[in-house]
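First up is the structure itself, then whatever we jot down about it.
The values are calculated or read from the model by the stated rules, or taken from the named source; none is laboratory data. Please read all numbers here as calculations on a predicted model, not as lab measurements. FYI the Cβ positions are ideal-geometry reconstructions off the backbone, even for glycines, and counts take in every protein chain you see.
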Amino acid sequence: MKQISSISQLQTELAAYHSRTIGFVPTMGFLHAGHLSLVHQAVSECDLVVMSIFVNPLQFGPNEDLARYPRDIERDRELAEQAGVDILFTPTVEEMYPRKIQTQVQVSGVTEKLCGASRPGHFEGVATVVSKLFHIVGPNRAYFGLKDAQQVAVIEQMVFDLSFPVTIVPCEIVRDTDGIAKSSRNVYLSAEERTQALILSRSLKQVKEMVEQGALTNQHDVRNFLIEQIELQPLAKIDYVEVLSYPTLTEPRNLFTETILIAVAVYFGNTRLLDNVILNK
Ligand code: AMP
């Protein structure tokens, strides 16, 4: 008999009895190259890849885009299959929430700033659906994009705090050739909005270089520089521009020694776009 007192040791011990590795890619569909990059990584590391497509009502605020969120399940099915997904899980809202949900997962701390501040209840919805999906799918590894860097921090915190037996794999941001971060919501943009939205990736790339060259040395200058650049675009309306320690999402003390997240959320018309860069990863 073995006696084990450590949670991670117990989980490692038990994992040996699950002979195959299940990789999981949760999404809201309307797939693009960003989603597919998560699948490619999962395929290269796992025996079985499960993708979910579920537009989760719990994570949308009352005035957000739940009803008009873009959907194309036929196209998604083809793309997922081509990318190597073995099981595509596409539950209805009734399947996921047959009764009014009375249990929610609330992560504090890392949810206080950025999208957590702008979208009250959003990360409760995310943490709740991701926990539920983890219980349903039982993955060994789950793949999340760093385009939603705060989401990665929230899920990692939840998994750590509640000892979910799953490894979270953060994946790099995939961009269009002109630099714009791939997003299902990019289809909402008019031609003019999309052109102006290029300022986000351009100015983030620029500040990263400026910090690395020592031309910007503190978070306030980085923030001010970004705000100035973004405000030059007449259609841009800033939700937030933040420079924080990552993954704690606390005020940074040193831009050169800590891992730093520089994150922006900006409206172009009614479309809210996110982008970020991470320094000293
Ligand atoms: P969504 O369907 O927007 O909820 O995204 C599903 C997953 O894909 C999340 O983990 C996202 O962070 C990830 N994702 C979305 N866009 C990108 C991108 N441009 N690059 C990398 N991952 C992404």
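Based on this model, can you work out whether residue 108 counts as assigned to a loop (DSSP other than H, G, I, E, B) and of a type in the set (Ser, Thr, Tyr)?
Working: assigned to a loop (DSSP other than H, G, I, E, B): yes; of a type in the set (Ser, Thr, Tyr): yes.
So residue 108 passes the test.
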Worksheet, complete the sentence: Exactly one of 55, 43, 107, 39 is more than 12 Å from the ligand (Cβ to nearest atom), under 30 Å from residue 249 (Cα atoms) and at pLDDT 95 or above, and that residue is 107
Item to complete: Return yes or no: is residue 198 more than 24 Å from residue 69 (Cα to Cα) and not small (Gly, Ala, Ser)?
Response: no
Worksheet item: In the list 182, 147, which residue meets the criterion of being within 30 Å of residue 15 (Cβ to Cβ) and either at pLDDT below 95 or among the charged types (D, E, K, R) (or both)?
Response: 147
Discussion item. So, in the range 200-218, how many residues would count as being within 17 Å of residue 275 (Cβ to Cβ) and not aliphatic (A, V, I, L, M)?
Written reply: 7
Response to the item:
residue 4 passes all but one of the listed conditions (1) surrounded by 14 or more Cβ atoms within 10 Å (Cβ to Cβ); (2) touching a Leu at 6+ places or on another chain (Cβ under 9 Å); (3) among the hydrophobic types (A, V, I, L, M, F, W, C); the exception is number (1)
Discussion item. Given the criterion over 14 Å from the mean Cα position of the chain (by Cα), surrounded by 18 or more Cβ atoms within 10 Å (Cβ to Cβ) and closer than 16 Å to residue 104 by Cα, identify the matching residue among 126, 166, 159, 137.
Written reply: 159
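The rows are residues; the columns are (1) aromatic (Phe, Trp, Tyr); (2) exposed (fewer than 12 other Cβ atoms within 10 Å of the Cβ); (3) touching a helix residue (DSSP H, G or I) at 6+ places or on another chain (Cβ under 9 Å); (4) within 28 Å of residue 270 (Cα to Cα).
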{"site": "9", "(1), (2), (3), (4)": "no, yes, no, no"}
{"site": "16", "(1), (2), (3), (4)": "no, yes, no, no"}
{"site": "20", "(1), (2), (3), (4)": "no, yes, no, no"}
{"site": "31", "(1), (2), (3), (4)": "no, no, yes, yes"}
{"site": "39", "(1), (2), (3), (4)": "no, no, yes, no"}
{"site": "44", "(1), (2), (3), (4)": "no, yes, no, no"}
{"site": "50", "(1), (2), (3), (4)": "no, no, yes, no"}
{"site": "75", "(1), (2), (3), (4)": "no, no, no, yes"}
